[in-house]
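Everything on this sheet refers to the single structure shown next.
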Amino acid sequence: MTEGRPTTRARSDEVYVVGCGMHPFGRDDTVTGMAMAERAVREALADAGVGWEDIGYAAGGSDVSGKPDTLVGRLGLTGVPFVNVQNGCATGASTVLAVANALRAGEASLGLAVGFDKHERGAFNVSAARYGLGDWYAESGMMLTTQFFALKTQRYLHEHGVSERALAMVAARAFRNGAQHPMAWRRKPLTEQEILDSPEVSPPLTQYMFCSPGQGAAALVLALGNRAFDLCERPVRLASLALRTRRFGSFEVFSPWLPPGPHRSPSVDAAEAVFRRADLRPADVRVAQLQDTDSGSELIHLAETGLCDHGEQEELLAAGDTDATGRIPVNTDGGCLAGGEPVGASGLRQFHEVVRQLQGRAPGAQVPGAPRVGFTHVYGAPGISACAVLTV
Amino acid sequence: MTTRLVAEDLFEGVDPMRLVGARCSGCHTVVFPRQDSCPRCADGAMSAHVLPVRGLVWSWTLQAFPPKPPYRPPAGGFQPYHVGYVDLGEVLVEARLEVPRREMRIGLPVRLTTMPAYHDEDGTEVLTFAFRPDPSPEEDR
């Protein structure tokens, strides 16, 4: 793909989503990560009306729940090329990228992307060495993702004059949407006051402003344009997808030091790239998915991706603009806050929701008015972001 | 009681103890802890660089729940603690903040100190760096 210019391709070179499937998110001790993945794949295949033997290229991702390519033992030993991806929060987007590029390169005309995970309870614990840091950093109690989200949010609220109530509004909307979604984990609506009054985890963030590591799986069937319209009544075009790592000066998790600033996130780079390539603007988006590991992250990502200006979020939230019925509906399935965060599955959950919204068959709250442009955004350690623009 | 530092290469000197990072001869970027290559430019050489002891709280939060290992709780067990970034001018350093909640704010003047982090199995007290409120922020900055 050419940097800096919109991509124009013949329809036969375009990649479309023609089927999607999802195992409910949450916590269920009776089912393994692999079993959830199998169910999501079978649902996606059935949705596309194809069989596993029709898949010519596959990519799968999981952070902790096994080697995705061993799924061939459950799905059928067809000899299909199957690439394993382990790319943190961008795992799902990376599987889509791998499959889309393989299709465009002529490897196959039909491909499958799957992501799944099943995490232990409680905050993620990570090894300092894995991030190139000394043991002292974790031993002295500074190597926690929750601290990073709180520190970034605290500074953001201070710099942009946003109140803590805005954080509660984000979570309240997530649980409202989750309550309507059959595959969400947290299905109980909570008031802003209940969210503000929940136990403090790391101020300004309280317990109900954080998502929890959980479990789940999601899968997509992707097809080249010449097949997509035969298979699917309303295929969703993958207009653009961009994956970025951090550049100098970004404020990232597990940073013992930061340069004085300004701090620019890889989310800004990834979002600018996808809108440029799709030849669309953030203002064209009618349904969006933003990484919401916590309320603060979603608030920041709204502006970093260009969906609003810095400091404008509180006004937007208060006016209901990010509700399913609003101007820029965000996380209509409840996001990570209501769904939990199975790392390998989370990115594909976003695609699942946006695809179903654009096809007018959302499992939960449907955005009215037949939205035509959707957007997905993930962000994670150690400073990666992936964004996609989807259109019908 | 014997004491040791949580990691020798973070510090320089004893009284006063200072934090030591590295500075790039090419673009003057200051990093902490020290590393051998510059994350910003390919041209410079990195050399040890002693950091200022005084700064301002840039952001802060509280660790309210006990972290999982490899975190090591202090001898008396886990107590919630503050962490934050301190703006030292040329670099922001993440650190434990020995600041009471009622005094905590972005912009608070603080200075370097040490605090016991945990004890080794043989009873050795392990010290880490922290920042505490600075009663005389204008002196020798």
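Some observations on this one:
- Just so you know, in the range B:5-23 the residues that are more than 11 Å from every other protein chain (Cβ to nearest Cβ) and assigned to a strand (DSSP E or B) include one that is surrounded by the most Cβ atoms within 10 Å (Cβ to Cβ), and it is B:Arg23.
- Test: residue in the range B:79-96 that is over 30 Å from B:Thr29 (Cβ atoms), touching a strand residue (DSSP E or B) at 6+ places or on another chain (Cβ under 9 Å) and not in a strand (DSSP E or B): yes
- Residue check, B:Ser37 within 24 Å of A:Pro259 (Cβ to Cβ) and either out of contact with any strand residue (DSSP E or B) (no Cβ under 9 Å at 6 or more places or on another chain) or not in a loop (DSSP other than H, G, I, E, B) (or both): no
- Restricting attention to the range A:135-165, the residues that are of a type in the set (Gly, Ala, Ser), surrounded by fewer than 24 Cβ atoms within 10 Å (Cβ to Cβ) and in contact (Cβ under 8 Å) with a residue 40 or more places away in the chain add up to 2.
- Filtering A:Val50, A:Val64, A:Val96 for residues that are touching a helix residue (DSSP H, G or I) at 6+ places or on another chain (Cβ under 8 Å), of a type in the set (A, V, I, L, M, F, W, C) and crowded, with 23+ Cβ neighbours inside 10 Å leaves a single hit, A:Val96.
- Residues in the range B:24-37 that are closer than 15 Å to B:Gly89 by Cβ and of a type in the set (A, V, I, L, M, F, W, C) were compared, and the one that is farthest from the other protein chains (Cβ to nearest Cβ) is B:Val30.
- If the condition is being in a strand (DSSP E or B), within 13 Å of chain A (Cβ to nearest Cβ) and either among the aromatic types (Phe, Trp, Tyr) or in contact (Cβ under 8 Å) with a residue 60 or more places away in the chain (or both), then the range B:44-63 contributes B:Gly55, B:Val57, B:Trp58, B:Trp60.
- Tally, over the range A:136-155, of residues that are of a type outside the set (Lys, Arg), in a helix (DSSP H, G or I) and at the interface with chain B (Cβ under 7 Å from one of its Cβ atoms): 7
- Check on B:Val126, in contact with a Ser or Thr (Cβ under 9 Å, 6 or more places away or on another chain) and either surrounded by 14 or more Cβ atoms within 10 Å (Cβ to Cβ) or more than 9 Å from every other protein chain (Cβ to nearest Cβ) (or both): yes
- Filter pass, B:Thr2 being in contact with a strand residue (DSSP E or B) (Cβ under 8 Å, 6 or more places away or on another chain), among the hydroxyl-bearing types (Ser, Thr, Tyr) and facing chain A (nearest Cβ under 7 Å): no
One line per residue, one yes/no per condition, for (1) more than 16 Å from the chain's Cα centre (by Cα); (2) among the charged types (D, E, K, R); (3) more than 21 Å from A:Asp269 (Cβ to Cβ):
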residue: A:His310; (1), (2), (3): yes, no, no
residue: A:Ala318; (1), (2), (3): yes, no, yes
residue: A:Arg327; (1), (2), (3): yes, yes, yes
residue: A:Ala338; (1), (2), (3): no, no, yes
residue: A:His352; (1), (2), (3): no, no, yes
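- The condition (being at pLDDT 95 or above, more than 7 Å from every other protein chain (Cβ to nearest Cβ) and under 16 Å from the mean Cα position of the chain (by Cα)) is satisfied by just one residue among B:Arg132, B:Arg101: B:Arg132.
- At least 1 residues being more than 14 Å from chain B (Cβ to nearest Cβ) is the threshold, and among the strands (runs of 3 or more DSSP E) wholly inside the range A:156-257 those reaching it are A:215-224, A:236-245.
- A:Arg264 vs. criteria among the basic types (Lys, Arg) and modelled with pLDDT under 95: yes
- Residue match in the range B:131-138 (condition: crowded, with 18+ Cβ neighbours inside 10 Å, in a loop (DSSP other than H, G, I, E, B) and of a type in the set (D, E, K, R)): yes
- When the test is whether a residue is surrounded by fewer than 23 Cβ atoms within 10 Å (Cβ to Cβ) and either hydrophobic (A, V, I, L, M, F, W, C) or at pLDDT 95 or above (or both), A:Ser212 does not pass it.
- Top-ranked residue in the range A:258-293 [being of a type in the set (D, E, K, R) and assigned to a loop (DSSP other than H, G, I, E, B); ranked as farthest from the chain's Cα centre (by Cα)]: A:Asp279
The values are calculated or read from the model by the stated rules, or taken from the named source; none is laboratory data. All of these numbers come straight from a predicted model, not from anything done at the bench. With ideal geometry, Cβ positions are generated from the backbone for all residues, glycine too; neighbour counts draw on all protein chains shown.
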